[in-house]
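Read the figures in this text as sums done on the coordinates, not as results from a lab. Predicted model only: the values in this text are computed from it and were never measured. All Cβ positions, glycine included, derive from the backbone under ideal geometry; neighbour counts span all protein chains shown.
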Amino acid sequence: MKIAVLALQGAFYEHEMILTELGADYMELRKKEDLSDSFDGLILPGGESTAQGKLLKELGMFEPLQEKIRGGLPVLATCAGLILLAEKSCNDERAWFQTLPVTVRRNAYGRQLGSFHAVQDFGSLSAVPMTFIRAPYIESVRKDVEILAKVDGNIVGVRYQNQLAISFHPELDSDRRIHRMFLKDICNT
């Protein structure tokens with residue numbers, strides 16, 4: 001199994017180290033030609049969603065990746081990755097892939113100083129550490145979206161078909177259960 005990691009901007013390296021630790025191969029997506037290689041899943045890392053979205057379009061990677069996601073490619077999206085997948089944002093007119101039927105609120109917890117850490121259940125996983133950095137949360141979901149986690153009443157984790165999307169950064173904590181869930185349940189390994 002090979003997982004592609006979007007490596008244009010953001011916390012991609014940390015995801016790659018976790019994949020290595022869990023015994024999964026990875027490849028970096030940096031240019032359109034990388035999309036011609038075969039891969040079984042995709043990680044959209046945290047970072048800056050506007051920068052990532054613009055780079056995806058400028059590099060000609062946007063439409064091919066959107067097609068792959070719509071076609072069922074398993075995706076783990078963290079923080080900015082969640083914003084890239086979301087159908088719409090309540091506080092930004094831009095929408096990117098629009099493959100996840102949710103409405104997000106960008107920078108919902110404020111600026112960098114509003115960053116925080118929580119421990120919460122995530123689906124069937126108990127006591128998952130969650131690091132939020134300029135994080136979004138999900139304001140609303142379509143009825144067929146499974147809500148996996150809430151913090152302070154706000155939705156911070158969902159699953160929809162082939163997409164696992166979260167507001168926080170599991171790559172910044174030592175708990176590997178979300179990445180394992182992605183590899184096992186979403187990628188079916």
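Tell me the net charge near Ile178. Cut-off is 14 Å between Cβ atoms, Ile178 excluded, with +1 for each Lys or Arg and -1 for each Asp or Glu.
That works out to -2.
How long are the semi-axes of the ellipsoid equivalent to the range 1-44, from square roots of 5 times the Cα gyration tensor eigenvalues, in whole Å, largest first?
Each semi-axis is √(5λ); the values are 16, 13, 6 Å.
About the Cα centre of the chain, what is the dipole size in debye to 20, counting +1 per Lys and Arg Cβ and -1 per Asp and Glu Cβ, all else neutral?
Computed about the Cα centre, the dipole is about 420 debye.
Using 0.36 nm per residue of separation minus the Cα-Cα distance, give me the extension gain between Leu22 and Leu55 in nm, one decimal.
Answer, rounded to one decimal: 9.0 nm.
Taking a ≥ b ≥ c as the square roots of the eigenvalues of the Cα gyration tensor of the chain, is the shape rounded (a/c under 1.5), prolate (a/b larger than b/c) or oblate?
Rounded.
Taking the Cβ of Arg94 as the centre, find all other residues whose Cβ is under 14 Å away and add up their charges (Lys, Arg: +1; Asp, Glu: -1).
Spelling it out: positives minus negatives among the neighbours equals +1.
Give the residue from Pro101, Ser124, Pro45 lying farthest towards the positive end of the charge dipole for the chain; charges sit on Cβ (+1 for Lys and Arg, -1 for Asp and Glu) and the dipole is referred to the Cα centre.
Pro101
Given 0.36 nm per residue, what is the gain on full extension from Asp92 to Asp37 after removing their alpha carbon distance, in nm?
Stretched out fully, the Asp92 to Asp37 stretch lengthens by 16.5 nm.
Quick one: what does P(r) look like for the range 123-189 with 10 Å bins over all Cα pairs, in whole %?
Per 10 Å bin, starting at zero, the Cα-Cα P(r) for the range 123-189 comes out as 19, 55, 25, 1 percent.
Once you keep just the Cα pairs under 8 angstrom separated by 6 or more residues, what percentage relative contact order results for the range 2-186?
18
If amide H atoms are built 1.01 Å from N in the plane of the peptide, which residues on other chains or at least 5 residues away come under 5 Å of the amide H of Ala77?
Close amide H contacts, sequence-distant or interchain: Leu44, Leu164, Ala165, Ile166.
Going highest first, how would you order 59-68, 143-152, 75-84, 127-136 by mean Cβ packing within 10 Å?
75-84, 127-136, 59-68, 143-152
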